[in-house]
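The structure under discussion appears below in the form of structure tokens.
The values are calculated or read from the model by the stated rules, or taken from the named source; none is laboratory data. Note that this is a predicted model, so its numbers are computed, not measured. Quick reminder, even Gly has a Cβ in these numbers, built from the backbone with ideal geometry, and neighbours come from all protein chains shown.
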Ligand code: COA
């Protein structure tokens, strides 16, 4: 089986590639572990000046692998044991610049992780989708605060409560995509921007990133993630989430009418 995460260091750019296109690059536990290991490797490698997240196939990612959420719902795993938690912590602590190249679907963490990147190249086909509530789940990765701040509180209701997808133009207006372009240019453009960053003075890059994300702001993010995680852990075990998972795997619409 192909490696679901590929890493590569070239010209100062440490690339982490989602490589599971048959599952729309859904991110499994194993993949989060590899992504965290990639960040750790990039942090310790002097030659790695910038990390670039990109994807093989038409989509960035369809978000967390729902099979892994189902294991938590069945009580086989605790949220704390999920490698996604370590990945989120590693992203928040990562000191070097991070770039993302997004085409097609960016679902769940595929959108929320972009708030923690330093440059995001978005293709015209990019579609951002936060279907947490439809899944009986709640926002994660601090997007319960970052999205209302970026989009406005009432627009955030449509996105976070009703799960309405939004496109690249809106993502640019929100400040979530820094450079929109045609799909066929996304990878080229992302490498260009990453190489520009890699050619800059590295200590200065880290200082600028630290000033844009001062300790008080980072602490706020950590606290928001902690607050969200408490609710997320409960909702992963809920009957509402069970119904949403069954509906997904049975390829039907969920029916929440029996819940109060
Ligand atoms: N977890 C596990 N498997 C997933 C997945 C996910 N997040 N997203 C897609 N897949 C799988 C599908 O089960 C399907 O597998 P199969 O070929 O074995 O049946 C395959 O990837 C292709 O997906 P499919 O649903 O057929 O593609 P689509 O174009 O009709 O729909 C999505 C794409 C992303 C809209 C749809 O797959 C979806 O809603 N996925 C779940 C997204 C989600 O809720 N993510 C979690 C956010 S927290």
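Of all residues in the stretch 65-82, those satisfying the criterion of being out of contact with any helix residue (DSSP H, G or I) (no Cβ under 8 Å at 6 or more places or on another chain) and within 13 Å of the ligand (Cβ to nearest atom) are 67, 71. Just one of the listed residues (103, 86) is more than 16 Å from the ligand (Cβ to nearest atom) and at pLDDT 95 or above, namely 86. Residues considered: 180, 97, 165, 148. Of these, the only one that is away from the ligand (no atom under 16 Å from the Cβ), without any contact (Cβ under 8 Å) to a residue 60 or more places away in the chain and touching a strand residue (DSSP E or B) at 6+ places or on another chain (Cβ under 7 Å) is 180. Within the stretch 106-128, take every residue that is within 15 Å of the ligand (Cβ to nearest atom) and over 10 Å from the mean Cα position of the chain (by Cα) and give me the one that is nearest to residue 214 (Cα to Cα). Looking at the filtered set, the residue picked out is 128. Among the residues of the stretch 33-53, those that are in contact with a helix residue (DSSP H, G or I) (Cβ under 6 Å, 6 or more places away or on another chain) and under 20 Å from residue 120 (Cα atoms) comprise 35, 36, 39, 48, 49, 50, 51, 52. The C-beta contact set for the stretch 213-242 (first residue farther than 22 Å from residue 75 by Cβ, second residue at pLDDT 95 or above and buried (at least 18 other Cβ atoms within 10 Å of the Cβ), distance under 7 angstrom, 6+ apart or interchain) comprises 221/142; 224/142; 224/144; 224/145; 225/88; 225/141; 225/142.
Checking 92, 114 one by one, the residue that is buried (at least 23 other Cβ atoms within 10 Å of the Cβ), touching a helix residue (DSSP H, G or I) at 6+ places or on another chain (Cβ under 9 Å) and at pLDDT 95 or above is 114 and no other. Being surrounded by fewer than 21 Cβ atoms within 10 Å (Cβ to Cβ), touching a residue at least 12 places away in the same chain (Cβ under 8 Å), near the ligand (Cβ under 10 Å from one of its atoms) and part of a loop (DSSP other than H, G, I, E, B) is a description that applies to residue 131. The helices (runs of 4 or more DSSP H) found wholly in the stretch 186-260 and carrying at least 1 residues that are at pLDDT below 95, exposed (fewer than 14 other Cβ atoms within 10 Å of the Cβ) and more than 16 Å from the ligand (Cβ to nearest atom) occupy 215-236.
So which residues in the stretch 1-19 are under 26 Å from residue 192 (Cβ atoms) and within 15 Å of the ligand (Cβ to nearest atom), if there are any at all? Listed by number, the residues that qualify are 18, 19.
Scanning the stretch 21-46 for residues that are surrounded by fewer than 23 Cβ atoms within 10 Å (Cβ to Cβ), within 11 Å of the ligand (Cβ to nearest atom) and within 16 Å of residue 88 (Cβ to Cβ) yields one hit, 28.
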